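Input: a single structure, listed below in structure tokens.
Just so it is clear, none of the values below were taken in a lab; they were calculated from the coordinates. Source: prediction; values computed, not measured. Every residue, glycine as well, gets a Cβ built from its backbone with ideal geometry; the counts of neighbours run over all protein chains shown.
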Amino acid sequence: MSKIYITTPIYYPNADPHVGTAYTTCIADFLSRYYQQRNFDVFFMTGNDENSIKVHETAQKLKKDTQKYTDEMADIFKQIWQKLEIQYTKFIRTTDKEHINTVEYVFNKLYQEGHIYKSYYEGWYCRNCETFWTKSKIGDNKLCPNIECQRPLELIKEDNYFLRLSNFQEKLLKFYEENPEVIFPPTRYNEVISFIKMGLQDISVSRKSVEWGIKIPFDKDYVIYVWLDALLNYISGIGYPNKFMHDYWKNVHHIMGKDIIRFHAIIWPSILMALNLDLPRKLIVHGWLTTPDNQKISKSKGGDIFNLKDFVMNSPPHLIMALRYYLIREGSFGEDVPVSLERFRHIYTSELANNIGNLISRVLALVQKNLENTVQKKSDFKFIHNVIDKTTKDFDNHIQKFELSKGIESILELANFLNKSIEENRPWELAKNKEQLNNLMFEMVYGVLFLAKLLYPIIPYTSRKIIDQLGIESLDFNPIDLERVEVRYREPLFPALGSKFTG
Ligand code: MSP
């Protein structure tokens with residue numbers, strides 16, 4: 001069985017997750033379920049990046065013990081992911097003992113092998129972005145150059161440990177020139193290449209006199225730089241070094257927002273080269289969810305009109321599925337995506353309620369009212385096979401290219417086609433010719449089941465609900481085996497939205 005390893009970034013738990021965090025996580029869960037359905041052995045990991053100064057500061061502000069605070073936050077993240085049906089294989093926390101062991105092991109190894117050295121450091125640090133900035137990047141105001149942040153920088157003057165990033169410049173360029181498909185989409189590839197060509201400088205990978213974080217095993221005055229610690233989650237989570245699951249590693253897909261591409265495309269592969277490990281198979285980079293006036297939705301600046309925690313804790317499953325659908329549907333890799341309740345309402349109403357929901361309700365009602373709840377296979381499949389074959393091919397083609405929106409459009413075309421077939425074949429006029437009606441409706445039911453199968457990675461609850469109404473046990477049904485389907489009950493999948501979603 002082919003293996004695939006899918007990761008999200010690990011999130012700073014200095015605030016509850018918001019709709020932007022859910023965006024990355026839902027896309028990753030979609031891919032994970034998609035590959036599972038296609039018989040891949042999938043390892044899907046998400047988790048929290050806990051050893052950050054800002055996490056510690058947040059705990060202090062709340063007068064909580066930091067470890068306890070991260071425990072509570074991990075529970076909140078897990079509850080929210082559970083509501084969104086994020087089906088991870090592992091939830092990693094950087095305060096996990098196994099992770100700390102890996103980080104210590106790697107730091108020792110890189111130091112012993114000369115990839116890390118100690119030297120004097122003088123420079124500027126942003127606590128919020130957990131980033132060291134070179135002089136050339138900062139202006140006279142000494143504010144963080146990240147336009148999303150622009151907080152005052154801290155001047156750091158201390159002996160520090162450095163990673164010899166400069167050593168990897170040529171090797172990285174060669175790797176990317178030989179394997180341009182690793183970074184998706186290509187615009188991000190170009191950004192990375194031009195950044196490398198500007199010249200890579202060694203980076204500081206320690207902080208002195210910081211209370212919270214993983215200490216350098218042989219120099220306990222220092223804490224290991226949180227990004228070095230965090231990136232290592234990707235291998236510690238699958239057992240590196242002692243129980244390393246190489247087969248997953250060989251096919252790792254890292255999913256992330258555009259804000260952290262340089263860490264993943266430059267620092268991370270350099271560390272992996274230093275450790276003689278394979279480089280990532282794919283770095284899949286999406287744009288930001290923004291407010292309608294193009295501001296990044298973030299923990300500090302807000303803008304999450306859904307108020308994710310509230311939404312998932314207090315909404316019925318069909319609305320939570322609608323949010324998943326909305327995020328995956330809008331999931332464009334590259335462009336930023338403005339989020340609005342109007343757009344959510346529009347997608348909900350036109351695609352989920354009027355197209356998919358309506359189709360299923362019509363098909364089920366026709367079978368209930370005219371065929372005593374039951375359809376049976378009496379003739380060979382006719383029109384439905386070709387259209388399903390085409391939909392599957394279109395869907396797979398798009399998803400393999402990470403064109404999630406277009407993939408969903410091919411599912412909508414199938415639903416459109418089935419809706420149209422009902423209108424054209426006028427089954428209500430066939431009520432007297434039961435056999436003909438049965439044959440037509442059997443194909444329609446089959447189409448609906450297939451639709452449920454395709455929808456599974458996007459809206460798993462709805463998908464299960466469809467097959468449950470049809471009395472089918474699992475989505476692994478095989479067309480040959482499907483002889484008789486009995487409608488058990490009928491409930492609207494996507495009832496009209498209340499006034500809350502008028503925006
Ligand atoms: N802890 C680091 C990542 C370490 S990975 C080894 C970090 N954490 S974070 O909490 O700031 O989360 C960053 C990620 O959250 C982004 O890369 C992105 O995937 C997601 N998003 C946060 N806000 C987002 C939007 N407004 N829009 C889209 N994605 C967003 O950086």
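Net charge in the neighbourhood of residue 250 (other residues with Cβ under 14 Å of its Cβ; Lys, Arg +1, Asp, Glu -1) is 0.
Estimated from helical segments only, the mean residue ellipticity of the chain at 222 nm is -13500 deg cm²/dmol, where each DSSP H run of four or more residues counts as -39500 (n - 2.57). Measure nothing fancy, just the Cα-based angle from helix 186-197's long axis to the longest principal axis of the chain, in degrees from 0 to 90, nearest 10. Roughly 10 degrees between the two axes. Round to the nearest 10 and give me the degree value, 0 to 90, for the angle of helix 434-455's Cα axis relative to the longest principal axis of the chain. So the helix axis and the longest Cα principal axis differ by about 0 degrees. For the stretch 78-234, the direction-averaged projected area of the alpha-carbon convex hull comes to 11.9 nm². A simple packing score, the average count of other Cβ atoms within 10 Å per residue, orders the peptides 50-62, 352-364, 423-435, 331-343 as 352-364, 50-62, 331-343, 423-435, with the highest score first.
State the antiparallel share, in %, of DSSP beta bridges confined to the chain, rounding to the nearest 5.
Values: 26 of 48 bridges.
For the chain, the DSSP antiparallel bridge percentage is about 55.
Averaged over residues, the count of other Cβ atoms within 10 Å places the peptides 282-291, 269-278 in the sequence 282-291, 269-278, highest first. Helix 383-400 against the longest principal axis of the chain: what's the angle in degrees, Cα atoms only, rounded to the nearest 10? It is inclined by approximately 10 degrees. Projection of the Cα convex hull of the chain, averaged over all directions and equal to a quarter of that hull's surface, yields 25.2 nm². Set the bar at 32 Å for Cα to Cα. Now go through 109/174; 97/135; 90/377; 137/282 and name every pair that lies beyond it. Pairs exceeding the cut-off: 97/135; 90/377.
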